[in-house]
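Below: the structure, in structure tokens.
The values are calculated or read from the model by the stated rules, or taken from the named source; none is laboratory data. These numbers were taken from a predicted model, which means no experiment stands behind them. Glycine gets a Cβ as well: all are built from the backbone with ideal geometry, and neighbour counts include every protein chain shown.
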Amino acid sequence: MEKSSVSALGQVSDYFKVLSEVSRVMVLCSLKSGSKNVKEIMEETGLGQANVSKHLKVLKDAGFVDRQPEGVSVYYEIVDPIIFDLCNLVCDRLSVQLEEKAKQSEELKALHYSL
């Protein structure tokens, strides 16, 4: 594999690493409805101030969110809402997998009771 391809794959991997933390996904979901300050995100997610601030920094550094100072507050907003399309694709796939597992479980139960 070419060095440039490996570098590009590394960037893809880093993108997904940002989404690998539940709290960061919670923060993103909180921002889906519009820009919010840290206090509003805390109220919506149930996360503490230090935790929200830490995840907002990671999300900002990765280019997922931007910060806009407004008076004494700072508001955060989603930079590229396509992130939610990606999350919806993953949710749809997980839903299909869960349905398949539930079907297999029912088939196993039926087999068990017929033995």
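Quick notes on this structure:
- Wholly enclosed helices (runs of 4 or more DSSP H) of the stretch 1-106 bearing at least 3 residues within 11 Å of the chain's Cα centre (by Cα) and free of Cβ contacts under 8 Å to residues at least 40 places away in the same chain: 22-31
- Any hit, the stretch 78-86, residues being modelled with pLDDT of 95 or more and either touching a strand residue (DSSP E or B) at 6+ places or on another chain (Cβ under 8 Å) or surrounded by 10 or more Cβ atoms within 10 Å (Cβ to Cβ) (or both): yes
- Lone unmet requirement of (1) at positive phi; (2) surrounded by 10 or more Cβ atoms within 10 Å (Cβ to Cβ) for residue 71: (2)
- Screening residue 23 against (1) at negative phi; (2) in contact with a strand residue (DSSP E or B) (Cβ under 8 Å, 6 or more places away or on another chain); (3) of a type in the set (Gly, Ala, Ser) leaves a single unmet condition, (2).
- Residue within the stretch 42-55 that is closer than 22 Å to residue 16 by Cβ, surrounded by 10 or more Cβ atoms within 10 Å (Cβ to Cβ) and either basic (Lys, Arg) or in contact with a strand residue (DSSP E or B) (Cβ under 6 Å, 6 or more places away or on another chain) (or both) present: yes
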